[in-house]
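Taken together, the values in this text are just the output of simple stated rules run on the coordinates, not laboratory data. Predicted model only: the values in this text are computed from it and were never measured. We place every Cβ from the backbone using ideal geometry, glycine too, and count neighbours over all the protein chains shown.
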């Protein structure tokens, strides 16, 4: 029957929605960095870069990225910049030891994400490092972004996540409503048909 097909279709769409939405709303996660996680570098890098699985937004807040040295001081020399899924901050490292890179970004789904990684800097003898600063450099201004950051969307250039979710929800509600109407009409027509058949038998 038609109403059964509509109900099955609505159920299938609901399953698809609940299966797709978690993936669409998943937070960004780190997929690579320079220097690499837990690596040891002997040449002082001029910048630290982080690569995420999806675009990084600069609104409602710009990314915050700090590089703390073994002495507890901070060695980023500027604010982080964003290009699609890459976040980069300039640095001037100090002495030998473990450096911790801590970040806080707004992921493609619009939610804040924060975490940290570390690497070891072991320069050659006689190399003099920077002094660093006592506290992380505050970055509240605009940051460079190669992609529009006013609306979350996927890294493949597709439609905004919010728009996709809205369309799917509207489709599910529409199909479910249509199925309910058809089902209700079918139940109402059932008794009427039985009554007509009874009247015909009586007349005979």
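Some points to look at:
- Fully extended contour minus Cα-Cα distance, from residue 96 to residue 71, at 0.36 nm per residue: 8.0 nm
- Packing order of peptides 125-133, 59-67, highest average first: 59-67, 125-133 (average count of other Cβ atoms within 10 Å over each peptide's residues).
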